[in-house]
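Asker: This is the structure I have questions about; it appears just below.
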Amino acid sequence: MKKPGVAGVSHRRFVAAAVLVVGLLDVLLAAKRHPVLRVGPLHDIFHFAVVHGSRYLLLFGALALLASARGLLHGKRQALHVAVGASVATLVAHGFKRVDLAGMGVTVGLLVLLLGSSRYFPARSDPMRSRQGLAWIVLGEFGVFLYGVVGLYLLDANFRAPTEPAESVLQAFQLLLLQPASTIEPVTRHGEWFVDSVRVMALVVLGIGIWHLLHPVVHRLGAGRAERARVHSLLETYAANSLAYFHLLEDKAYYLAEDGESFIGYKVVGSTAVVLGEPVGEPGSCRAITASFARFCDLNGWSFCFHQVTPDGAMLLQDCGLTALKLGEEAIIPVEQFSLGGKSFKHLRNATNRLEREGYRFELITQPITDEDLRELEEVSNAWLADGNHRERTFSLGAFSREYMRATELAVIRTPAGRVDAFANLIPSFRSTSGNFDLMRRRPDSADGVMDLLFVNLITLFRERGYDGMNLGFAPLANIEGSGLVPRALRLISERGGRAFNFAGLRAFKDKWHPVWEPRYLVFRSELQLPALALAVARAGEIRRNRPLGVSSIPGVVRRYPFSIGIATIVIGFQVITIFWPALHDSGIAHLGLNWPALKRGEIYRVLTSLLIQPSSGIAGPFGVLGILGVPLAERLAGTKVTAAVFFFGDAFATVAILAGLRIVDVAGFKDTSTWTDRLDVGSSSAVLATLALIGIAAPRRWGLPLLGFLAAALVLRLALVGHFADYQHALSAVIGALLAMVLLLMAPARPH
């Protein structure tokens, strides 16, 4: 199978963008009752029911196109099939929607593009995800159908005429297929909401099913003993850089060359395969395995990159047609030339001499390590993690565990009283000429210079063992070169991101040892993939652990969910009170509701208080339930501060923006909107939708993305078919909530695991 390469990636992006644009255009055309381009009297020959039904079919096809765009980006063949089928459906819909030539012309063009691009979409589907997708579509749609049948029969008081069982079945089936119901006519707001809910649920279930069907192949770790033994043998024969030992961590998968003379160690993050370093093995085999691995990733619908590649590895991969970008530098102390003499090392010399006079000593702990030593090392590690919000990482580093410590050699600094104050664990160097260590930790209350004393003794130890250097590890974004947009952006992050990431401090700590700096690269296929690759590299080192709730009492619950409890107490408490005193509800709207005249009077407090009062007295409906369930979940995923900010400001920004927009329209004379700008706006529906968007952003992708898809589908359907003032406000609040969530979560400090 021919590798698509950079041209294939660009073509897939073009096709996905075209599908996305046509899908959005079809949503707009579905909302428009009349065709953009008419053909004489042809547009009047169709019955109203046919035209109305074609709008729903058009919306169905548009959402299917939008759902397929992500799969097309990853070269999924099933995504191509879905897009072709959706295009055919929209072409038919445009024909019956009074012969909309504009829509038909665009759709035909898209169909020609899709049918001519099949060779760029070789990626297979994940079997388990495909089965889940089919289950979602079949069982989910059947559940929606039953929901519609039961609801239409039991809620017949909300419709103009009573519904019989047979009629409920027929009308529910029509709603499921997004066709207009022919005999039921809602006469209450609740009836309209129920009819819309059936259609929304049908679309959402279909969207989730398609998302599962088009998901890239999910990689499941499971390296066998023979495979791991072969990797270890290749490392002993060929590995010559500091990352070699980390190929043996449990989070790595292996791609072995057909001749068995090279391998690639990688981790799949979402739909990206992040490779640790370069291929390891015989040079000719490494070139062959690079091309083979690229085809393997294409087949699975993955993008890929090689992280922390050496200069020699970068040259090899560039010869295979890939692009290298300098990410930073690795520091290596030349141990033979190192000496504490001279003015530049005066501070180090004084600190280490002082500690040695006070009785601090260096000790090497070899196997077997006693339980007492392990307990003390764990104590040091936990104290280090808790101090300054440090956290465990993996992939290109190890994480503390007693099993990991037992597998390595340990260098420690003991106090005069015999307590371990600092340690580093030594790891095999294989064919590297530099000594390596991994974890480097100390007690927060240890004496100044204790890490310097540890390093000085490690340098001596590695010199005695015949090494040329001691590896100090990677300094990200150090000495970034180049004049392109990406190198300039990396230099800007390095210069401006000091407070958040301390790049300069990390380099300065290493630089004081006067090391030799060696460049390290990120190697990839196309610069268009860089944002997604950068996110995958960052996530590759994350350790996901099932954290306990940590609440075994009422005070614990209050400490964990202060915002959820506070907002629920205020909103639900006021609702309960209004059951007995309905007049209090009207008074609350008058004094706390928001409108344009209140903003002109400077009553800014109403921006926040308006969402605490619900539109009707008594217990709220579906948005109240969503809020009760959603806010605590958001607080658990994103923290109290982020949840509170998104809840209040997601509502406030959207409400004020809509009021300001309506006022501008009114002043410009385009339309009289005073009815809306003068009406007192209350309710937490916008805040709840912003919070749901936050959950979708903060949650793991396996259910965060379906939630965002559900939310987007519901809002798009409401906008396309109803387009009420509140629908625009809800959609804007969800978008603002998602954007706020991304910004605040990126700015939030990392929490220790």
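The values are calculated or read from the model by the stated rules, or taken from the named source; none is laboratory data. Quick caveat, the model's predicted, so the values are computed rather than measured. Reconstructed Cβ throughout: ideal geometry from the backbone, glycine too, with neighbour counts over all protein chains shown. Surface accessibility is based on the protein's heavy atoms, side chains included, excluding ligands, DNA and RNA. Shrake-Rupley method; radii C 1.70, N 1.55, O 1.52, S 1.80 Å.
Asker: Sort out which residues of the stretch 160-174 are open to solvent by less than 30 Å² (accessible area, probe 1.4 Å) and either modelled with pLDDT of 75 or more or touching a strand residue (DSSP E or B) at 6+ places or on another chain (Cβ under 6 Å) (or both), and write them in order of number. Steps first, please.
Answerer: We begin by selecting, within the stretch 160-174, every residue open to solvent by less than 30 Å² (accessible area, probe 1.4 Å); these are 163, 168, 171-172.
Within the stretch 160-174, Ser168, Gln171, Ala172 qualify.
Asker: From the list Ala500, Ala532, Ala504, Ala475, pick out the single residue that is at pLDDT below 80 and part of a strand (DSSP E or B).
Answerer: Numbers: Ala500 fails: part of a strand (DSSP E or B); Ala532 fails: part of a strand (DSSP E or B); Ala504 fails: part of a strand (DSSP E or B).
Answer to the selection: Ala475.
Asker: Would you mention how many residues in the stretch 357-386 are touching a residue at least 40 places away in the same chain (Cβ under 8 Å), among the polar types (S, T, N, Q) and open to solvent by 60 Å² or more (accessible area, probe 1.4 Å)?
Answerer: 2
Asker: Oh, and also: Given the structure, is Arg287 over 30 Å from Trp703 (Cα atoms), over 33 Å from the mean Cα position of the chain (by Cα), open to solvent by 10 Å² or more (accessible area, probe 1.4 Å) and basic (Lys, Arg)? Outline the logic, then answer.
Answerer: On the way: over 30 Å from Trp703 (Cα atoms): yes; over 33 Å from the mean Cα position of the chain (by Cα): no; open to solvent by 10 Å² or more (accessible area, probe 1.4 Å): yes; basic (Lys, Arg): yes.
No; evaluated as a whole, the condition is false for this residue.
Asker: Only one of (1) assigned to a loop (DSSP other than H, G, I, E, B); (2) more than 30 Å from Ala417 (Cα to Cα); (3) of a type in the set (A, V, I, L, M, F, W, C) is not met by Leu299, so which one is it?
Answerer: (1)
Asker: Residues of the stretch 237-279 being in contact with a strand residue (DSSP E or B) (Cβ under 8 Å, 6 or more places away or on another chain), open to solvent by 20 Å² or more (accessible area, probe 1.4 Å) and of a type outside the set (Ser, Thr, Tyr), which ones?
Answerer: Asp251, Leu256, Glu261, Lys267, Val268, Glu278
Asker: In the list Gly398, Gly388, which residue meets the criterion of being over 19 Å from Glu464 (Cα atoms), at pLDDT below 90, of a type outside the set (A, V, I, L, M, F, W, C) and part of a helix (DSSP H, G or I)? Please lay out each step first, then the result.
Answerer: Numbers: Gly398 fails: part of a helix (DSSP H, G or I).
Result of the check over Gly398, Gly388: Gly388.
Asker: Could you look through the stretch 175-188, keep only residues that are β-branched (Val, Ile, Thr) and open to solvent by 50 Å² or more (accessible area, probe 1.4 Å), and pick out the one that is modelled with the highest pLDDT? Steps first, answer last, please.
Answerer: Filtering the stretch 175-188 down to residues β-branched (Val, Ile, Thr) leaves 183-184, 187-188.
Keeping just the survivors that are open to solvent by 50 Å² or more (accessible area, probe 1.4 Å) gives 183, 187.
Details: Thr183: 64, Val187: 76.
The selected residue is Val187.
Asker: While we're on this one: Of all residues in the stretch 587-615, which are in a helix (DSSP H, G or I), under 15 Å from Ala652 (Cα atoms), open to solvent by less than 40 Å² (accessible area, probe 1.4 Å) and modelled with pLDDT of 80 or more?
Answerer: Ala598, Leu599, Arg606, Val607, Thr609, Ser610, listed by residue number.
Asker: Take the residues in the stretch 428-471 that are basic (Lys, Arg) and in contact with a Ser or Thr (Cβ under 9 Å, 6 or more places away or on another chain); name whichever of them is most open to solvent (accessible area, probe 1.4 Å). Write out each step before concluding.
Answerer: Of the residues in the stretch 428-471, the ones basic (Lys, Arg) are 431, 441-443, 463, 465.
From what is left, the residues that are in contact with a Ser or Thr (Cβ under 9 Å, 6 or more places away or on another chain) are 431, 441.
Details: Arg431: 145, Arg441: 11 Å².
The extreme case among them is Arg431.
Asker: Taking the condition of being surrounded by fewer than 18 Cβ atoms within 10 Å (Cβ to Cβ) and assigned to a helix (DSSP H, G or I), how many residues in the stretch 311-344 meet it?
Answerer: 7
Asker: So is Gln308 in a strand (DSSP E or B), polar (S, T, N, Q) and either open to solvent by less than 50 Å² (accessible area, probe 1.4 Å) or at pLDDT 90 or above (or both) or not?
Answerer: Values: in a strand (DSSP E or B): yes; polar (S, T, N, Q): yes; either open to solvent by less than 50 Å² (accessible area, probe 1.4 Å) or at pLDDT 90 or above (or both): yes.
For Gln308, the condition - in a strand (DSSP E or B), polar (S, T, N, Q) and either open to solvent by less than 50 Å² (accessible area, probe 1.4 Å) or at pLDDT 90 or above (or both) - is met.
Asker: Also: Tell me which residues, restricted to the stretch 683-727, are more than 30 Å from Leu535 (Cα to Cα) and either at pLDDT 80 or above or small (Gly, Ala, Ser) (or both). Full working, then the answer.
Answerer: If we filter the stretch 683-727 for residues that are more than 30 Å from Leu535 (Cα to Cα), which is where we start, we get 683-685, 717-727.
Once the filter is applied, which keeps residues that are more than 30 Å from Leu535 (Cα to Cα) and either at pLDDT 80 or above or small (Gly, Ala, Ser) (or both), the stretch 683-727 yields Gly683, Ser684, Ser685, Ala720, Gly723, Ala726.
Asker: Out of all the residues in the stretch 437-462, which are part of a helix (DSSP H, G or I) and over 17 Å from Ala331 (Cβ atoms)? Talk me through it step by step, then tell me what you get.
Answerer: At the first step, the residues of the stretch 437-462 found to be part of a helix (DSSP H, G or I) are 450-462.
Within the stretch 437-462, Val450, Leu453, Asn457, Thr460, Leu461 qualify.
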